[in-house]
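To keep things clear, I will list the structure first and then write my remarks on it.
What follows is calculated from the coordinates using simple rules that are stated; it is not laboratory data. It should be emphasised that the depicted structure is a prediction, and the values quoted were computed from it without experimental measurement. Neighbour counts are summed over all protein chains in view; Cβ atoms, including those assigned to glycine, are modelled from backbone coordinates with ideal geometry.
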Amino acid sequence: MTDLSERQQLSYIAGQAADARLNVELETEGMTLNIGPQHPATHGTLRIIVRLDGEQVVWAEPSCGYMHRGYEKLTEVRTYPQVTTLVNRIDWLGSFANEVPFILAAEKLMEIEAPPRAQWIRTILFELSRIANISLFLGDLGVQLGAVTPAFFAFRDREHVLNLIESVTGGRFHPNFDRIGGLKDDLPKGFVDETRRVMRKMRTYCDEIDDLLIGNEIFQARTRGVGIIPKDVALQYGLSGANLRASGVDWDLRRDQVVPMAWDDVDFKVWTHPDGDSFARCWVRLQETREATKIVDQLLDGLPAGPVMAKVPRIIKVPAGEAWVSTENPLGEMGYYVVSKGDLGPFRVKIRSASFNNISVAPWVLRGVYVPDVITILASLYFILGDIDR
Amino acid sequence: MGLVDRGRMPGAIEKLMNLGRSYSMWVYQWGLACCAIEMGAAFASPRYDVMRLGVIPLPASPRQADLVVVSGTVTDKMAPAVLRLYDQMPEPKYVISMGSCANCGGPYWDSYSVTKGVDQLIPVDIYVPGCPPRPEALLEGIVLLQQRIKHEDMAAKWRGETTEPLRREPIVVGGGNVA
Ligand code: SF4
């Protein structure tokens, strides 16, 4: 300020003082904002309480339990075949995928294994429900960011996959088709060709979403570098599925563990992304949907012949013991710890659902972000309320 | 409308107004669980396209809505919010209960945390059974509700007869009783 005149110096000081006064007057008070329990961004009824300082989140706290339906207690009063009806509805977008780990756990206790054809059809339906699940996620993602069009695309193309599932199981998205020892029925006539056609369609859908959403400049500006979850934090919070893979951890139960399913017989790529931000999570999910359509195609090529049901007693009694089986569900790792006392129904079932762990990272990742980003981050974490509250 | 206040209403005007009301319904989507996805398919997907029935599924708040679709499991923790939602809606208001859970508790009929039927909280006009009901079933429920609105007596309220939703006979989709 050496070459300024005295008047300029004085006006500068006066200006600074005015600014300081203004800052004191404008000092903001903290505000508590309640998002939910019924909010379009929460896929159901999650309630999130955030404490704001201006536009920034000071802390956030998810409040669960609005969709608690008491599955773990209900399984204790149901018989084994009845439990699949219940567990269908945990992650309601990928219903078939919920039945499989439970049935596998029961089969492990009874020491029976489904015939190969049943295993392959199970895997096909599993991947179909993954496609149905994630395709809706991709469409919904647009809605959260203010782009409504992708949702129409998603609903349009998801319908084809639901029709496929309906043609096999009779239910659009609560199939209840898995039985201990195999499946209820074989595939209907014409299923293979129709599925190939739909898989081609779904790949086109993925390309469309790629163009429309993931490649969109605004989308990238709002998701890149937002909500970064580093590798170690992701592991500490027990994230699984695409959320973990988007943080750069190469971990996929389909590849890494041996279960009597047909994933060993197909080759697929496990996509990871090093960034760990919202964009990475969406991108990994898109690639996964593509990969799932390829898995289904490969499975259709090598579908073995034979029965779809092993020999099981008419009244199913599971011998006493404990078993834990988990699989890579659309949302992440889902597993059942079944304790049997040799009765018609399980003594106790502990359900490990993916979303509960995935959402537990929310207070960590939401700290310090801006309010509009809260919605983006929640959408990209991708949870289903039934899967959180059970 | 002095005529209405005195409990009389010219038939033609009433017809016209009922027609207008039944084809400009704003639906509030109270999606709670799995059924919300089927409701989304009915309301947002190009295949079912609810707007062709004269239903607008996107009001900003329940205060602008004529009809609420409660779809999914109402838990005891959620119940106060459902009640508050209903109280915020202006009269005349209609309720569609979608799915077995909202109708009667569905697969959770013996659960400790589920409200066995939303009709314990608010009066329901149309029950859409199913777990989940197909989107077509929800659309039929809406069409049945429109038929009922078309035959409503608008002046009944001023004659002292109650138009309370509780006194209206509920309709079950697929149950055979029409308007
Ligand atoms: S009625 Fe069935 S589909 Fe609907 S919310 Fe209940 S369990 Fe889910």
Checklist entry - In deg cm²/dmol, rounded to 500, what helix-only [θ] at 222 nm does chain B give when every DSSP H run of at least 4 residues adds -39500 (n - 2.57) and the total is split over its residues? => result -9500 deg cm²/dmol
Checklist entry - Which percentage, to the nearest 5, of the DSSP beta bridges contained in the protein assembly as shown is antiparallel? => result 65 percent
Checklist outcome for this item: Applying the gyration tensor rule to the Cα atoms of the stretch A:182-260 (axes a ≥ b ≥ c; rounded if a/c under 1.5, else prolate if a/b exceeds b/c, else oblate), the class is oblate
Checklist entry - What does the helix-only formula give at 222 nm for chain A: each DSSP H stretch with n ≥ 4 adding -39500 (n - 2.57), the total divided by the residues, and the result rounded to the nearest 500 deg cm²/dmol? => result -15000 deg cm²/dmol
Checklist entry - Under the classification rounded if a/c is under 1.5, otherwise prolate if a/b is larger than b/c and oblate if not, where does the protein assembly as shown fall, given a ≥ b ≥ c as square roots of the Cα gyration tensor eigenvalues? => result oblate
Checklist entry - Given Cα pairs under 8 Å that are at least 6 residues apart, what percent is the relative contact order of the stretch A:80-354? => result 26 percent
Checklist entry - Cα to Cα, under 26 Å, and not fewer than 8 places away if on the same chain: which lysines meet these conditions relative to B:Lys116? => result A:Lys73, A:Lys350, B:Lys77, B:Lys93
Next on the checklist: How much of the DSSP bridge set in chain B is antiparallel, in percent, rounded to the nearest 5?
Outcome noted: 5 percent
Item to check | Rounded, prolate or oblate (a/c below 1.5 giving rounded, otherwise prolate when a/b exceeds b/c) for the stretch A:266-350 by Cα gyration tensor | outcome: oblate
Checklist entry - Taking chain B as a Gaussian network, Cα atoms linked when under 10 Å apart, which of B:Pro129, B:Pro46, B:Pro59 shows the biggest mean-square fluctuation? => result B:Pro46
Checklist entry - What percent do you get for the relative contact order of the stretch A:77-228 when only Cα pairs under 8 Å and 6+ apart count? => result 26 percent
Checklist entry - Under a GNM of chain A (C-alpha, springs under 10 Å), which listed residue has the highest mean-square fluctuation: A:Ile180, A:Ile316, A:Ile165? => result A:Ile316
Checklist entry - Counting pairs of alpha carbon atoms under 8 Å apart in space and at least six apart in sequence, what relative contact order in percent does chain B give? => result 24 percent
Item to check | Most mobile listed residue (B:Gly31, B:Gly11, B:Gly117) in chain B, GNM with C-alpha springs under 10 Å | outcome: B:Gly11
Checklist entry - What's the percent breakdown of Cα-Cα distances in the stretch A:80-354 across 5 Å bins, shortest bin first? => result 1, 6, 13, 17, 18, 17, 12, 9, 5, 2, 1, 0
Next on the checklist: About the Cα centre, and with charges only on the beta carbon of Lys, Arg (+1) and Asp, Glu (-1), how big is the dipole of the stretch A:80-354? Nearest 20 debye, please.
Outcome noted: 660 debye
Item to check | Axial C-alpha extent at least 27 Å, average Kyte-Doolittle at least -1.0 - helices from chain A (DSSP) | outcome: A:6-25, A:116-144, A:149-169, A:278-301
Checklist entry - Which lysines have a Cα less than 25 Å from the Cα of A:Lys294, not counting those fewer than 8 places away in the same chain? => result A:Lys189, A:Lys201, A:Lys269
Checklist entry - How crowded by other chains is A:89-96, given as the mean number of beta carbons from other chains within 10 Å of each beta carbon? => result 3
Checklist entry - Using modelled amide H (1.01 Å from N, peptide plane; none on Pro or chain starts), what sits under 5 Å from the amide H of A:Gly238, excluding residues fewer than 5 places away? => result none
Checklist outcome for this item: In degrees, nearest 10, the alpha-carbon axis of helix B:11-22 is tilted away from the dominant principal axis of the alpha carbons of chain B by 20 degrees
Item to check | Ranking of B:Leu58, A:Leu125 by count of other Cβ atoms within 10 Å, fewest first | outcome: B:Leu58, A:Leu125
